[in-house]
Amino acid sequence: MNLLARLSLVCCLTAVPMVMGCQSEEVYDSSKDDVVSSIQSILVDVEKTGQKGSAYEALSGEIERLREFDASLADTLKADLEKMEAATKPAELKTLASEAKAKL
């Protein structure tokens, strides 16, 4: 095997573990943080308006994304979502959104 081929092989064999080792919990945490931030944003919107707007429609999906990181919190928020879906008055919806947001 010539020198260039050996050097290429060594580079490849050392680069792969280093790249794989760069994946840490920070990636995991930032993903959870992104989901929580998205849920908070939706709940703030509902809290301000008392309406189930287009952002509200995404709430269920975001809660399911949260399940990957914190199943217990996702279950709690899913129960809150069911209460919000049953709410008929804007003031009631605002209160429920505020209560759910406080759990994040």
From the options E82, E92, E64, E57, residue that is out of contact with any Ser or Thr (no Cβ under 8 Å at 6 or more places or on another chain) and under 12 Å from E47 (Cα atoms): E92
Being open to solvent by 50 Å² or more (accessible area, probe 1.4 Å) and either free of Cβ contacts under 8 Å to residues at least 12 places away in the same chain or of a type in the set (V, I, T) (or both) is the filter here, so list the residues in segment 49-64 that pass it. T49, S54, E57, E64
Would you mention how many residues in segment 69-104 are without any contact (Cβ under 8 Å) to a residue 12 or more places away in the chain, open to solvent by 30 Å² or more (accessible area, probe 1.4 Å) and closer than 21 Å to K32 by Cβ? 5
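Considering only segment 42-102, give the helices (runs of 4 or more DSSP H) lying wholly within it that have at least 2 residues that are modelled with pLDDT of 95 or more and of a type outside the set (S, T, Y). Can you show your working first?
Numbers: elements: 54-57, 59-67, 71-86, 90-102.
It comes to 59-67, 71-86, 90-102.
The values are calculated or read from the model by the stated rules, or taken from the named source; none is laboratory data. Because the structure is a prediction, the values reported are computed rather than measured. Note: ideal-geometry Cβ built from the backbone for every residue, glycine included; neighbour counts use all protein chains shown. Heavy atoms of the whole protein, side chains included, go into the accessibility calculation; ligands, DNA and RNA do not. Shrake-Rupley method; radii C 1.70, N 1.55, O 1.52, S 1.80 Å.
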